[in-house]
Amino acid sequence: MFTEEEYLLFINEIGRLIEEYKSCPCPSTKLLIEEHIALMGEAIS
């Protein structure tokens, strides 16, 4: 189980990754970011 602080840190990290994804021109890097976000989503569910 996560604490509220851990959830907030988690959400902030996902937000940071989304911003990085939006500004990234490289398709292979975007794919890695997508995979990272997907794994984070699985970890929290």
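The values are calculated or read from the model by the stated rules, or taken from the named source; none is laboratory data. Only a predicted model underlies this, so the values are computations on that prediction, with no experimental measurement involved. Every residue, glycine among them, receives a Cβ derived from its backbone with ideal geometry; neighbour counts consider all protein chains shown.
Of the residues 17, 31, which single one is touching a residue at least 12 places away in the same chain (Cβ under 8 Å) and part of a helix (DSSP H, G or I)? Walk me through how you get there before you give the answer.
On the way: 31 fails: touching a residue at least 12 places away in the same chain (Cβ under 8 Å).
Going through 17, 31 in turn, the sole match is 17.
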Any residue at all in the stretch 11-23 that is touching an Asp or Glu at 6+ places or on another chain (Cβ under 9 Å), of a type in the set (Ser, Thr, Tyr) and surrounded by 11 or more Cβ atoms within 10 Å (Cβ to Cβ)?
yes
Those residues of the stretch 4-45 which are modelled with pLDDT of 90 or more and of a type in the set (S, T, N, Q) amount to 12, 23, 28, 29
Of (1) of a type in the set (A, V, I, L, M, F, W, C); (2) assigned to a helix (DSSP H, G or I); (3) without any contact (Cβ under 8 Å) to a residue 24 or more places away in the chain, residue 10 satisfies all except one. Which?
(3)
